[in-house]
Every structure is written in structure tokens, then in C-alpha cells.
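J.: A single structure is presented below for examination.
The values are calculated or read from the model by the stated rules, or taken from the named source; none is laboratory data. Quantities reported herein were computed from a predicted structural model and do not represent experimental measurements. FYI the Cβ positions are ideal-geometry reconstructions off the backbone, even for glycines, and counts take in every protein chain you see.
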Amino acid sequence: MKKIIYLFTIVVLTISCHNDLDQNPIDPDLFTEVDVYKNAENARGALAKVYSSLALTGQQGPAGDPDIDPSLIDEGFSQYTRILHTLNEITTDHAVVGWGDPGLPNIHELSWDVNNPWTKGMYFRLGQVVSFANSFIENALVLANEDSEVGFYVAEARFIRAYAYLQLMDMYANVPLVTTVSTELPEQSNRAELFAFIEAELLELDGALKEPGTNEYGRVDKAASWALLSRLYLNAQTYIGEAKYAETITQAEKVLNSSYVLNTNDGNSNGSAYDELFLADNDTNGAQNEFIFLVQFDGISSQSWGGATYLVHAPIGGSMNASEFGVNGGWAGLRTTKALVEKFSYSITATNSNGEPVSWSDSRAMFHTDGQSYEMAKIPKFTEGYAVTKFRNVDVNGNAGSDSSGDHVDMDLPLIRLAEVYLNYAEAVARSGGNSATALGLINQLRTRAGAPEATLAEFNTQLVMDERSRELYWEGLRRTDLIRDGKFVSGSYLWPFKSGVAQGAASDDYRNIFPIPEDVLLVNTNLQQNPNY
């Protein structure tokens, strides 16, 4: 089908100009429902569309036939992991961006409004993911009764839908809960209802997904449901006002006892085992053994101006050599603040003439300092703030990715990896009590991999874990959620450069902990009410 009414939002988002939905689609990668559910192989192709809704932006790639109306958000901006980075990292101490695209400066300043294209873009993108998953689940169920393999496909689509709803609950709180294809205007739900749905789905998927390590690369298994449950429970106090740290530990332990392992293979002469997680060959270099849920990218067959392409190009500028990153140039936009750099102060090995750090024993401190200022006087100039070198489109031998033009990137992006589950366990113990020695051991496994000094049991507390999350997971789309859980996202108790648009940082308002529901949606669906104070 070349035109979809996203029933989640009840906003018509044109995929192309074909109005007759009975026509055979021109795009050979799209199927009519009559054909797609004839057998398991065809259904597997439809499942790929559900997965790819997190990676691609339209039918043409990298641009030209968008899934989401470009009057709402530019197609290149609309890719899921790009908006995730924008909303969950650029809003925090981890990142700033110097571009002046509409609505973008407001993100780091915590001053967005109901028509911000980035907050709108994420709502529509996640709504599309839910719609694709609902359609697949509904249509594949009959075939699933005849073919057990298709039953796994349905379970995977349910997981992706649960993941999308967790993100919607986290970001927008009060969104409709839609699980079937319908033309009815949906009613508004709240976090308690959404939490209960996500929890029930993930618990049930424990018996429906494949065993850990038995599915093909890029597809989820039981460990994904356990890991996502550990994330859900860790944030339960934020979502429903009820701590669920014991449940966090229980689900994390299941993952820890599964087949997933940290990548400790250091096959990269120019980096470390941590570095290998974010290279062009991270699907084969050992990193894949740590990835529990990921978005796949290929420089030839899955092109977009978001995803891995964005995370490699956007942080390159100043005196940086783009060829070392396997691409044809930098976009001179993304940097970090000194607040992130300071998290690595325990491992400084060298400073400049001003006494500012330029080298660290912790290999996760992946910063370009040459020509970059440590202090940030203003955001738009790229040389203000240290640059980040975490993502590169080269393999362990330094060879560039498959796109010879240097535009698009092969690196896959993990949405959930084992290190996060280690830290979920450790944080739950720090906040509620438990086996501190085991929790500290997990943190020290991450530090040992990075060549960093080990922490002691006397140092183990919530602040240590939160700083370790920052060091290990920066720019992976979790920071805003972590800061909200820790009571530091909008408060004046923790400031970073240009927080709330003030050079030295300033507190913001509590209502900024969630984003507004797009005004376009409210105008169409009168069942919905705007989030408070927007």
C-alpha cells in the first residue's frame, strides 16, 4: 500500500500519490496483503518492514518519497535514531548542536513548543512503528496458526510495538493505546495504562520469542523482552510512582545468565574493544554478541540522512580528518559539553597548558581536543566544546564502509546492549539494596574493558552508577530518561553549559520532563488533551 492513514495519530501522512488502494504497488518491495501472507517467506519480508520503520525514512532512500509528510518534518531529520539522539541527548549535558534548523536550538535550551518539528517528528515516527506493527500482527495471526515460524514473527512485531510504546510513554506520557487496525478515533491513555500494557506484553513474550542467541542477527529474542522489562521497571517510579527495583534485578539477571556477552575482543589496532561496538563491521567483529536489540544500516541498501550516517558525519568538523572516520566530510554540528568530559576526570593522563584534560586512560573518553575549546562560550561555533569520535564508518582494520561515495554508513546502532543491563542491575541495587559486590563487579567489568581504574566497594553508590551510565552509554539515546529518573533533568541541582539557554546553565520547569502532543493531532482527534502547561 502506497498510502497509509496512521490510525495511531489519525493524521493522514502521504507516502505517495496513489489513491486507489486496490492497485498493485509499483514498488517491488511492497506487497498487497493478499500476497504477503501467503507463506512464511513473504511474511518475513513484511516483518522486515516493521523492523525497518526504525531505520528508514521512506520508500526511496535516502530521500524523495518520505513516510512522513515533509511539511511536518524534513525527511532527513525524521529517521528514528536521529530524533532519538536529538530529544534524549541534545536536551542534556551530553551534546549540543550548532545548526539553526527550525526548532533545533530550542531542544538544547529546553524551550520547545507544541509545534516543534522534532517533538512532532518523533510522535509521528513512533506512531508509524505502532501502525506497521499492528497491521502485521493482525494479518499474520492466521498464518501463525499454521506455521510456528510465523508465530515468532508475530512475537517480534509485538516486541517492537511494546518498545515503541515505552518510548511514547517516556516522552509524551498520555498517548492513545491502539493495538488493532481501526478507523475509530482513539481515546487518550495515561502512563498507568500504558505501563500495564507494556509490562503484560513483555512478560507474555517470554514464552513466545526464540531462546537467546537462536534468532538471526538483527532480530530479537527472549533476552530483548527481559532487557526491556529491566528498563521499564527501573523507570517505574517515574512512570507510575511505584518503585520496582526488585523486578529490575530479576529481569536483568535473566539477561546476565543468557548467551549474550560483553565484547572484549580487541582486534582494532587503533582503538579498543569498546571502540569496536561503534565501527562499520560491528555486525561481525564481536560487538554483535553484546547487541540485544539494534537498528541495522548498510551504506548501499539502507540509506538515509539519519541513523549511523548522521552519527558519523555530524560530529566531524574543525581540524578533524573525515577520512579517518570512513566518510567524505563532516557536517560540523554535534559536540559535547565539559559536563560529560568531567565524568572521565578520574582517568586523566594528560592536560594542556591551561590545565584542561586532553588524554584519558579510560578508552570510552572518545574526544577530539585539537583546536576545540574546553569551555563553551557559545553554541553555534563548532570549535566550542570538545568533539566526539565515538562513531566511525571503518572496520577493525581501518577500511572504510561499503558506500564508495563516502556518504552513507555501514555501522549498526544498538538500542539495547548488554552493558545497559549491567548498569540497570547495578542501579537497582544502589537504589534499593542487594548484592553490592555483584553490582560493583559488573561496573568493573565495563571499566576493565575500557582500561579504566576499578571502583571500590566503598565508592559504590547511586552517583557512581549514574556517572558510569554516562561514561558507558553517552550518545546512545538514554541520557534524558536517566536524568529524569535521577531528578536532575530540569532541576537546578545539576547544571551544564547552556542548559535552559543560559551559558552557565539554569533550572527549567517540571513540565519539560515530557514533550507536548503535536497540535496537528489535537486538531484532528478531539478525544485528546494537551499535556499540562503546553
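J.: Got a number for residues in segment 315-340 being crowded, with 22+ Cβ neighbours inside 10 Å and either among the hydrophobic types (A, V, I, L, M, F, W, C) or out of contact with any Gly (no Cβ under 8 Å at 6 or more places or on another chain) (or both)?
T.: Final tally of qualifying residues: 5.
J.: Shifting gears a bit: Kindly indicate the residue of segment 213-225 that is buried (at least 19 other Cβ atoms within 10 Å of the Cβ) and touching a strand residue (DSSP E or B) at 6+ places or on another chain (Cβ under 9 Å) and also farthest from Glu253 (Cα to Cα) among those meeting that condition.
T.: Val220
J.: Another one. Looking at (1) more than 18 Å from the chain's Cα centre (by Cα); (2) outside any helix (DSSP H, G or I), which one does Glu324 not meet, given that it meets all the others?
T.: (2)
J.: Only residues that are among the hydroxyl-bearing types (Ser, Thr, Tyr) and more than 23 Å from Leu104 (Cβ to Cβ): list them for segment 287-333, please.
T.: Passing the criteria: Ser301, Ser302, Ser319, Ser323.
J.: Looking at Ala155, Ala162, which is the one that is over 19 Å from the mean Cα position of the chain (by Cα) and either modelled with pLDDT under 95 or in the same structural domain as Gly103 (by TED's automatic domain parsing) (or both)?
T.: Going through Ala155, Ala162 in turn, the sole match is Ala155.
J.: Another one. So, in segment 421-441, of the ones that are among the aliphatic types (A, V, I, L, M) and without any contact (Cβ under 8 Å) to a residue 60 or more places away in the chain, which residue ends up surrounded by the fewest Cβ atoms within 10 Å (Cβ to Cβ)?
T.: Ala437
J.: Do we have Thr92 as of a type in the set (Val, Ile, Thr) and in a helix (DSSP H, G or I) here?
T.: In short, no.
J.: Here's something else I'd like to know. Within segment 152-174, identify whether any single residue is under 22 Å from Arg480 (Cα atoms), in contact with a Phe, Trp or Tyr (Cβ under 6 Å, 6 or more places away or on another chain) and either assigned to a strand (DSSP E or B) or of a type in the set (Val, Ile, Thr) (or both), and answer yes or no.
T.: no
J.: Under the condition of being of a type outside the set (Ser, Thr, Tyr) and in a loop (DSSP other than H, G, I, E, B), which residue from segment 51-62 is surrounded by the fewest Cβ atoms within 10 Å (Cβ to Cβ)?
T.: Gln60
J.: Can Ile107 be described as without any contact (Cβ under 8 Å) to a residue 40 or more places away in the chain, within 21 Å of Leu54 (Cβ to Cβ) and within 17 Å of the chain's Cα centre (by Cα)?
T.: Considered against the rule, which asks whether it is without any contact (Cβ under 8 Å) to a residue 40 or more places away in the chain, within 21 Å of Leu54 (Cβ to Cβ) and within 17 Å of the chain's Cα centre (by Cα), Ile107 comes out as yes.
J.: I'm trying to understand the selection: among the residues of segment 120-177, which are within 16 Å of Ile198 (Cβ to Cβ) and hydroxyl-bearing (Ser, Thr, Tyr)?
T.: Scanning segment 120-177 gives Tyr163, Tyr165, Tyr172.
J.: Out of the residues in segment 360-382 meeting the condition of being small (Gly, Ala, Ser) and part of a loop (DSSP other than H, G, I, E, B), tell me which one is surrounded by the fewest Cβ atoms within 10 Å (Cβ to Cβ).
T.: Ala377
J.: May I pose another question? Do any helices (runs of 4 or more DSSP H) entirely within segment 383-486 hold 1 or more residues that are closer than 24 Å to Arg82 by Cα and in contact with a strand residue (DSSP E or B) (Cβ under 7 Å, 6 or more places away or on another chain), and if so, which?
T.: So the answer is 418-432.
J.: If you don't mind, there's one more thing I want to ask. Looking at Thr481, Thr456, Thr526 in this structure, which one is without any contact (Cβ under 8 Å) to a residue 40 or more places away in the chain and hydroxyl-bearing (Ser, Thr, Tyr)?
T.: After ruling out the rest, the residue left standing is Thr456.
J.: Looking only at residues in segment 182-203 that are in contact (Cβ under 8 Å) with a residue 40 or more places away in the chain and exposed (fewer than 14 other Cβ atoms within 10 Å of the Cβ), which one is nearest to Val421 (Cα to Cα)?
T.: The qualifying residue nearest to Val421 (Cα to Cα) is Ala192.
J.: Condition test on Leu446, is it farther than 27 Å from Tyr172 by Cα and under 21 Å from the mean Cα position of the chain (by Cα)?
T.: So Leu446 passes the test.
J.: In the set Asp93, Asp101, Asp65, which member is surrounded by fewer than 19 Cβ atoms within 10 Å (Cβ to Cβ), charged (D, E, K, R), more than 22 Å from Ala208 (Cα to Cα) and in contact with a Phe, Trp or Tyr (Cβ under 9 Å, 6 or more places away or on another chain)?
T.: Only one candidate passes the filter, namely Asp101.
J.: Does segment 62-74 contain any residue that is closer than 20 Å to Phe293 by Cβ and in contact (Cβ under 8 Å) with a residue 60 or more places away in the chain?
T.: Checking segment 62-74: not a single residue is closer than 20 Å to Phe293 by Cβ and in contact (Cβ under 8 Å) with a residue 60 or more places away in the chain.
J.: Kindly establish whether Pro357 is of a type outside the set (Phe, Trp, Tyr), crowded, with 21+ Cβ neighbours inside 10 Å and out of contact with any helix residue (DSSP H, G or I) (no Cβ under 8 Å at 6 or more places or on another chain).
T.: The answer is no for Pro357.
J.: Shifting gears a bit: Pick from segment 460-474 the residues that are touching a residue at least 12 places away in the same chain (Cβ under 8 Å) and polar (S, T, N, Q): which of them is surrounded by the most Cβ atoms within 10 Å (Cβ to Cβ)?
T.: Ser470
J.: I've got another one for you. Considering only residues that are in contact (Cβ under 8 Å) with a residue 24 or more places away in the chain and small (Gly, Ala, Ser), look in segment 484-523 and name the one that is surrounded by the most Cβ atoms within 10 Å (Cβ to Cβ).
T.: Selected residue: Ser508.
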